[in-house]
Amino acid sequence: MNTIKTGLLTTLLLACLCMLQAVQAESPIAIDAAWIREAPPATSVLAAYMTINNASETDQQITGMDSPDFRSAEIHRTVVEDGVAKMLPVSGLDVAAGGSVSLEPGGLHVMLFDPQRPLREGDTATLVVHTASGAAISVQATVVRKTGDDAGHDHAHHHH
Amino acid sequence: MKPAQILIGVIIATLAVTAGFWAAQAVLKDRAPRHDLSATRFPVARDIQPFELIDHHSAAFDQDALQQHWSFVFFGYTYCPDVCPTTLSVLNGVAQRLQDVDADVRFVMVTVDPERDTPERLAEYVTYFNGDFLGVTGSDAGLTQLTRQLGILYNRVEPEDGAAGYLIDHTAGVFLFDPDGRYHAVFTPPLSADRLAGDFRKMLQDYQ
Ligand SMILES: [Cu+2]
């Protein structure tokens, strides 16, 4: 009895592993550390950040994102020109072979419009990343409250 | 020399000495340039001309509201999901780092989107970052009165799809006002709490 159970479990596990591999083979793009900045009260526009890794030997391009949890999503780049901050839409985000691109506060971000449900700290939302090769990678992004009281963890440290 | 001529001479000499004294005072008040500041500090802080805005309690916020305390002032809007929350988080980090200083330091966000940013909305927004932060809004005319003298630019950008609501390009610096209500210094991006707090301590030392 026990042997049959173990055998079944092993088969199931193997099947799962095979499926996982199949999904990974579909796109060389992997998303790391996806998070959404918790919106202050009364705001309906949010931003998501993440690291996009390209493990393959060919350049990849991210063509856009969407989300079932938001009315719409757009990739933007914040640029500061002559002291003026602007957000420019990014239609194709290149991720070089073997490289990665970081979306982080004050730079590249995913602009998320109108959450379809309340999203508070600790909640997760689904983001779908589309590539030029036609892959759609689904990512779970955690909502994080960031208000800067975590003294000492100053991201701008790295910029000098 | 007649006594009258002597008297005139004495008066002229006295005036000259007084003028010299005042000139020296003015020069002394000009803070020596420091090379360890990342902020841009004016040799002589600039006077602010009258302007009329309101804070998130719907109380008047004008040039007098900048008197008797230091103010870090940021210009932004609540529909801004990246730069504005990031800057307010940095300012909260500055507030945490300056808790021990012997000075009254305040933090203000002035909206460049008075059409959408009502006092109520700003109240909820700024206090999410820090309960002591103050939001300021008002009429377009009132906003222009202040932004023009600080050289602040803001420009509404209509969205391509028409549904998402407009964005606003805006000056992303942080403006520092001293307890005389004068424009003292400006911090330009990239902003960091360590840098702002460190620079402020030096400027406070020079000011006292
Ligand atoms: Cu954006």
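The residue list A:73, A:83, A:115 was ranked by how far each Cα lies along the charge dipole of segment A:33-117 toward its positive end, using unit charges on Cβ atoms, and A:115 comes out on top. Roughly how far apart, in whole Å, are the Cα centres of segment B:42-58 and segment B:150-208? Taking the Cα centre of each part, segment B:42-58 and segment B:150-208 sit 14 Å apart.
Determine the sum of side-chain charges near residue B:126: Lys and Arg each +1, Asp and Glu each -1, restricted to other residues whose C-beta is under 12 angstrom from that of residue B:126. Summing Lys and Arg as +1 and Asp and Glu as -1 gives -3. In this structure, residue A:58 and residue A:145 have a Cβ-Cβ separation that, at R0 = 41 Å, corresponds to a calculated FRET efficiency of about 0.60.
Taking 7 Å steps out from each Cα toward its Cβ at residue B:116 and residue A:121 produces label points 2.5 nm apart.
With a Förster radius of 41 Å applied to the C-beta separation of residue A:30 and residue B:36, the computed FRET efficiency comes to 0.40. Amide H contacts for residue B:61 (H built 1.01 Å from N in the peptide plane; partners 5 or more residues away or on another chain; cut-off under 5 Å): B:53, B:54, B:55. This model, with +1 at the C-beta of Lys and Arg and -1 at the C-beta of Asp and Glu, gives segment A:29-157 a dipole about its Cα centre of some 320 debye. Each residue, residue B:44 and residue A:133, gets one label point 7 Å from its Cα in the Cβ direction; the gap between the two is 6.6 nm. Work through the residues other than residue A:38 whose Cβ is under 13 Å from its Cβ and net out their charges, Lys, Arg +1 and Asp, Glu -1. Around residue A:38, the surrounding residues sum to +2. With 0.36 nm allotted per residue and the present C-alpha distance subtracted, the residue B:144-residue B:160 stretch has 3.1 nm of extension available. Evaluated with a Cβ-only charge set (Lys, Arg +1; Asp, Glu -1), segment A:101-152 carries a dipole of roughly 140 debye about its Cα centre, given to the nearest 20. Set Lys and Arg Cβ to +1 and Asp and Glu Cβ to -1, take the dipole of segment B:36-207 about its Cα centre, and tell me which of B:57, B:118, B:76 lies farthest positive. Farthest towards the positive pole: B:76. Go ahead and run the numbers for FRET between residue B:60 and residue A:96, Cβ-Cβ distance against an R0 of 51 Å, rounding to 0.05. With a Förster radius of 51 Å, E is 0.40.
Legend: residues in segment A:68-91 shielded by at least 40 square angstrom of accessible surface upon adding the remaining protein chains to the isolated chain (1.4 Å probe, heavy atoms) are A:71, A:83, A:84, A:85, A:87. Using label points projected 7 Å from each Cα along Cα→Cβ, tell me how many nm separate residue B:68 and residue B:153, to one decimal. For residue B:68 paired with residue B:153, the spin-label model returns 3.8 nm.
The values are calculated or read from the model by the stated rules, or taken from the named source; none is laboratory data. Since we're looking at a predicted model, the values are computed, not measured. Positions of Cβ are generated from backbone atoms using ideal geometry, with glycine treated the same way; all protein chains shown enter the neighbour counts. With ligands, DNA and RNA removed, areas are computed over all heavy atoms of the protein, side chains included. Shrake-Rupley method; radii C 1.70, N 1.55, O 1.52, S 1.80 Å.
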